[in-house]
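The values are calculated or read from the model by the stated rules, or taken from the named source; none is laboratory data. What you see is a predicted model; the values in this text were computed from it and never measured. Cβ sites come from the backbone with ideal geometry, for glycine too, and all protein chains shown count toward neighbours. Each accessible area value is taken on the protein alone, full model and side chains, heavy atoms only, with ligands, DNA and RNA left out. Shrake-Rupley method; radii C 1.70, N 1.55, O 1.52, S 1.80 Å.
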Amino acid sequence: MAVVEPSSSLEILVRGPEGFLIWNGPPFLSGEPGVKLDTVPCTSAKFSDDGSKLMVTKSDSVISIFDCKTLTEVRSFDVPNVLAAVISPCGTYLQTFQKCSSPQHKNVVLWKIENGEFAYQLFQKNMTKVTWPSVHFSSDETVACRLATNEIQSFDPRDFSKGFVNRLRVPGIAALELSKAPGSYVAAFVPESKGMPASVQIYACGKDLQSQPVARRSFFRCSTVQLSWNSGSTGLLVVVQSDVDKTNQSYYGESKLNYLTTDGAHEGLVPLRKEGPIHDVQWSYSGKEFAVVYGFMPAMATVFDKKCNPLLELGTGPYNTIRWNPLGNFICLAGFGNLPGDMAFWDYREKKQLGTTRAELSVTSEWSPDGRYFMTATTAPRLQVDNGVKVFHHNGSLYFKKMFDRLYQVDWKPESVEKFGDIEDLVKAVSSVKIDEAKVPGKGSKATQAAPKATQAVPKATPANPPAAKPAAYRPPHAKAAAVVQAELFGASPSGELSKNALKNKKKREKKKQAEAASAAGGS
C-alpha cells in the first residue's frame, strides 16, 4: 500500500441555521473536532480555490471577506439587492450580480478585495448556470475572459480599467470553459442551429490568441455539454448530453464522452465497453489519466490514460460517482442520489481494492486536501431529515460521525497539494504504469523476481526462474482480465462454473425446448 504521510492541519467549514463555524480537521485529539472559529451568522459561505480567503454573505446586501490564516474579517462590501456573488481563485476579486433595474444600470461588479474598490462593471440582463460567473479566471488569475454575444472578450487581470484587450469571434457561442492551470486555452460550445451540428472548439488565448481553433469536434443530437480540463491544459473531456434517446433505451436521454487534445493528437469518442449514460468523470491531479463511471446499472468504472488507453478496471456495481484524491493515490467509487450509497475504496498505485462501506442519503462527498480522509454529508434543503457528516479513512473504515437537526453545508478548506506530498513521485509513478505491465517475464528487477505482485485488476504470475522459451505475445492491460469480464457478463465464474441464477435460467430454457418438442410431436 502507498505510504501515507502524517497530515498537516486541516480545517472544516460547517454551516447550519445559526451560521457557520470552523472545525479543526482530523486527526481529532479527543475524538471530537475542536472549534477554531465560533459561529458567525450568515446565509452562505465559500472558500476561494486556494484557501486564502473566505467569502461570507451575512444578509441580502452585506458580503464579508475573511482571511483564512487569521480567521478575521478583512473587508466588508455593502451591495444592495445582490442575487449572487463569487470569489476569484486566488481571493483577489469579488464578483457580484445585482437585480437589474435598467440597461443603463451596470449590475455586474468586479471588486478589488485589497482596497474595496470596483475594478470593472458591466450590464448583464439575466443570470443562469451557464452565464455565471460573468468573468472567468484561470487558477493563477493570469488570464481573465467573459462570454459576450458571438465572441469571447479577454481582459488584463492586472488592470481591468483597460477594458477588454482582445476579442475572439465565435458565432453562436453559448458557453465557454477556461483552462485552469495554466490558462492558455479556452473551450467554446456552439449549440445546434438551422440543421448545423453542435460543436466544441478549443482556442489558444492570452499572448497566443488565434482566430482559428487548435481542435474541434462536432456533435449531432446535442442539447448540453459538460467541459472538463485537465491539469496542464493539454486535454479536454466533453460529456455530450441529448434530451431524447432515439434508441428508446433511457427516459433521461443519451450521453457520450468525447476527448480532445490541444495538440490535435486525439479528437473523438472515448472507447467505453458498455452502453448507457455517462454518470461521472474526473481527471487525476497529475492530469495524465482520468476515471469514468458509465453504462446502464450496474455501471462500470474504468481509468484511462491521456491517450484513451484503459489502465485499470474498477469493476461494476450500483455506482454513479467517482472521487480521485488530490494526491492521486486513492479512488472512491460510490453510488449516491437515488442509489443506496455503496462506496468502494481503491489504492490506485497498488491496483487493489482497500475496502467497501456504505453512506446512505449522502448529498455531498469529497476527499480531504491531504488525501487521507473522505467526507460525506447529508444536508438540507435536499434532505430535511438525518442531516449529518461522516469522515472515513482512505480504506473505507468510519473515523467520525456527527448528526445535526439541520445542516446546510460542510466543506474542507482548500490547501495546496504540494503541501502534503511529492507530486514528482506521483507523476513518475503514473508514467510507469503501462511500462511495468509490458515488461517481459524475467526482465524485471531482482525484487520483482523474488516476490511478484498479483493485482486484482491485472493479475500477473511471473515465476522466479522462467524456463528458456520464446516470450509470450504482449497483451494490453485491458485484455488481461478478459476471462473475468466474460464470466461477469455471461453469469459464470472465472473457473467456468455457472452461478445460481445462470443455472436456473439454463434449466428453464431446457424445459421450454422439451415442451416445444413434445407439442410439435403431438401435432404431427
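If a spin label sat at a point 7 angstrom from the Cα of K125 along the line to its beta carbon, the backbone N atoms of segment 82-114 nearer than 18 Å would be those of 98-108. Peptides 27-35, 151-159, 508-516, 65-73 ranked from most to least packed, by the mean per-residue count of other Cβ atoms within 10 Å: 151-159, 65-73, 27-35, 508-516. Label positions at S30 and V214, each projected 7 Å from the Cα along the C-beta direction, are separated by 5.5 nm. With R₀ set to 51 Å, the beta-carbon distance separating Q384 from A502 gives a calculated FRET efficiency near 0.75. A protection proxy built from the mean count of other Cβ atoms within 10 Å ranks the segments 222-234, 117-129, 136-148, most packed first, as 136-148, 222-234, 117-129. A full extension of the chain between S61 and R167 corresponds to an added length of 34.8 nm, given 0.36 nm per residue minus the alpha carbon distance.
Annotation: per residue accessible area for segment 1-133 equals 51 Å², rounded to a whole number [probe 1.4 Å, protein chains only].
The loop-placed trypsin sites (Lys or Arg not before Pro) in segment 278-321, going by DSSP, that have at most 13 neighbouring Cβ atoms within 10 Å of their Cβ come out as K307.
The slack in the chain from F296 to S193, taken as 0.36 nm per residue of separation less the alpha-carbon distance, amounts to 34.0 nm.
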